[in-house]
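Below you'll find the structure, written out as structure tokens, and then a few comments.
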Amino acid sequence: MVRYHNFDIVFAEIPCETTLAINITNCPNRCRGCHSLHLQADMGRVLDEAELCGILARYGRSVTCVCFMGGDAAPHEIAALAELTAEDANALMQTALREENRAYVQIDPAEK
């Protein structure tokens, strides 16, 4: 079960996008010098299809990208939410996942 702590509109994480960044909790990595220790706990609201759709409905077309920040404990569930986001937006919105602390990976709905 994926849970999230909060979300916000950000501009630096994904260049040239107005990004809805969702901070996923239950991070298993325990990185040295972690700047988000509170995201290590398994707490927060459940992020399921209904919750995600509710968050997206709040912003409508004001956001051009959704970024799931974290989710390393449940990558397949995060990928399913990303695919849902891409499908629901009818290719009007970008979706990004941070893959193994390296780079952001864009989910292209046309590649399905």
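For N23, the conditions (1) surrounded by fewer than 16 Cβ atoms within 10 Å (Cβ to Cβ); (2) modelled with pLDDT of 95 or more all hold with the exception of (1). One residue stands out among those in region 1-37 that are of a type in the set (D, E, K, R) and outside any strand (DSSP E or B): the one that is farthest from I55 (Cα to Cα), which is R32. Can you tell me which residue within region 42-54, out of those that are hydrophobic (A, V, I, L, M, F, W, C) and either assigned to a helix (DSSP H, G or I) or at pLDDT below 95 (or both), is surrounded by the fewest Cβ atoms within 10 Å (Cβ to Cβ)? In this case the residue turns out to be A50. Within region 1-17, being surrounded by 16 or more Cβ atoms within 10 Å (Cβ to Cβ), farther than 18 Å from L81 by Cα and modelled with pLDDT of 90 or more holds for one residue alone: V10.
The values are calculated or read from the model by the stated rules, or taken from the named source; none is laboratory data. Computed from a predicted structure; not experimentally measured. FYI the Cβ positions are ideal-geometry reconstructions off the backbone, even for glycines, and counts take in every protein chain you see.
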